1. Tell me which residues, restricted to segment 3-47, are touching a His at 6+ places or on another chain (Cβ under 9 Å) and not in a helix (DSSP H, G or I).
2. Which condition number does Pro152 fail, the rest of (1) part of a helix (DSSP H, G or I); (2) within 23 Å of Thr14 (Cβ to Cβ); (3) touching a residue at least 40 places away in the same chain (Cβ under 8 Å); (4) not aliphatic (A, V, I, L, M) being met?
3. Can you name the condition, by its number, that Phe119 falls short on among (1) at pLDDT 95 or above; (2) open to solvent by less than 80 Å² (accessible area, probe 1.4 Å); (3) over 19 Å from the mean Cα position of the chain (by Cα)?
4. Please indicate, with yes or no, whether at least one residue in segment 125-148 is in contact with a helix residue (DSSP H, G or I) (Cβ under 7 Å, 6 or more places away or on another chain), in a loop (DSSP other than H, G, I, E, B) and modelled with pLDDT under 85.
5. Got a number for residues in segment 103-116 being in contact with a helix residue (DSSP H, G or I) (Cβ under 6 Å, 6 or more places away or on another chain) and modelled with pLDDT of 90 or more?
6. Just to be sure, is Thr169 open to solvent by 90 Å² or more (accessible area, probe 1.4 Å), β-branched (Val, Ile, Thr), more than 22 Å from Ile46 (Cβ to Cβ) and at pLDDT below 95?
7. Only residues that are touching a helix residue (DSSP H, G or I) at 6+ places or on another chain (Cβ under 6 Å) and more than 24 Å from Arg31 (Cα to Cα): list them for segment 86-102, please.
8. Across segment 65-107, which residue is surrounded by the most Cβ atoms within 10 Å (Cβ to Cβ) among those that are free of Cβ contacts under 8 Å to residues at least 60 places away in the same chain and not in a helix (DSSP H, G or I)?
Amino acid sequence: EHSGFVEDRWGRLTRTIESTIDFLGYRGEERGRREAARLREIHKDIKGVDSQGRRYHALNPEAYLWVHATLFHGMVQTQELFGHPIPPGRKQILFDEWRDLARTLGITERHIPESIAAFRDYFDDMVQNRLEYNDTVQLLLDLDEEPLPPPPGWRLPVFAWSGIAIGPTV
C-alpha cells in the first residue's frame, strides 16, 4: 500500500541502494545524517490498519528496528554465502557501526541489541515468533518465482540476464 516496488522494482532497488550509500556515510557524515532525517520524514506518514484490524506505523520501534536489522543481517549473510565470512573483529566493528546508525535513525537504545549474540537471539526470535504470513509475504514469494526483467539499459541479450537472474538449474 505504501510503495510502488511491484510496478518499479529496479527503480525501487536503485533508490534503496542510493539511500543506503548516503545513510551509511559513504558520501560524508553530514549527508548520512540528512538521509537518516529524510528516511524518518518519509516514513512518518506510513501507517494504517492491517487485515486483522491492528494499527501499524512504520516508525513503531519494533517495526523500524526490524527493517534496520535486516540491513546488518543481510550484509553478514551475503558475505557468508557469496564471499568469505566476515572475521569476528571486523564483524564487531560492523555491528558497532550498525548500532550507531540505528541511533541516528532515532531508534532508542533500549530497543537495540547490545551485542552480536543478543542480535542473533533477537533476529531468530523475530523470524520464529513475530513475523507473520500475510498477503504481502505471498506477493513477495510470488515475485520471487517470476523472472526479474533485465535492468534498464541492459545491453546483452535477454537470455544472458535470465541466466544471471534465475541462476543455474540443477
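1. So the first thing to find is which residues in segment 3-47 are touching a His at 6+ places or on another chain (Cβ under 9 Å), and the list is 43-47.
Result: Lys44, Asp45, Ile46, Lys47.
2. Only one criterion in (1) part of a helix (DSSP H, G or I); (2) within 23 Å of Thr14 (Cβ to Cβ); (3) touching a residue at least 40 places away in the same chain (Cβ under 8 Å); (4) not aliphatic (A, V, I, L, M) is unmet by Pro152, namely (1).
3. With (1) at pLDDT 95 or above; (2) open to solvent by less than 80 Å² (accessible area, probe 1.4 Å); (3) over 19 Å from the mean Cα position of the chain (by Cα) applied to Phe119, the lone miss is (3).
4. Here is the first cut: in segment 125-148, the residues in contact with a helix residue (DSSP H, G or I) (Cβ under 7 Å, 6 or more places away or on another chain) are 126, 147-148.
From the residues that got through so far, the ones that are in a loop (DSSP other than H, G, I, E, B) too are 147-148.
Next, from what is left, pick out any that are modelled with pLDDT under 85: 147-148.
Within segment 125-148 (the criterion being in contact with a helix residue (DSSP H, G or I) (Cβ under 7 Å, 6 or more places away or on another chain), in a loop (DSSP other than H, G, I, E, B) and modelled with pLDDT under 85), the answer is yes, since at least one residue qualifies.
5. So the first thing to find is which residues in segment 103-116 are in contact with a helix residue (DSSP H, G or I) (Cβ under 6 Å, 6 or more places away or on another chain), and the list is 104-107, 111-113, 116.
Keeping just the survivors that are modelled with pLDDT of 90 or more gives 107, 111-113, 116.
Residues in segment 103-116 being in contact with a helix residue (DSSP H, G or I) (Cβ under 6 Å, 6 or more places away or on another chain) and modelled with pLDDT of 90 or more: 5 in total.
6. On the way: open to solvent by 90 Å² or more (accessible area, probe 1.4 Å): yes; β-branched (Val, Ile, Thr): yes; more than 22 Å from Ile46 (Cβ to Cβ): yes; at pLDDT below 95: yes.
It is true that Thr169 is open to solvent by 90 Å² or more (accessible area, probe 1.4 Å), β-branched (Val, Ile, Thr), more than 22 Å from Ile46 (Cβ to Cβ) and at pLDDT below 95.
7. Of all residues in segment 86-102, those touching a helix residue (DSSP H, G or I) at 6+ places or on another chain (Cβ under 6 Å) come to 86, 95, 98, 102.
Selection gives Ile86 alone.
8. Ile107
The values are calculated or read from the model by the stated rules, or taken from the named source; none is laboratory data. Source: prediction; values computed, not measured. Cβ sites come from the backbone with ideal geometry, for glycine too, and all protein chains shown count toward neighbours. With ligands, DNA and RNA removed, areas are computed over all heavy atoms of the protein, side chains included. Shrake-Rupley method; radii C 1.70, N 1.55, O 1.52, S 1.80 Å.
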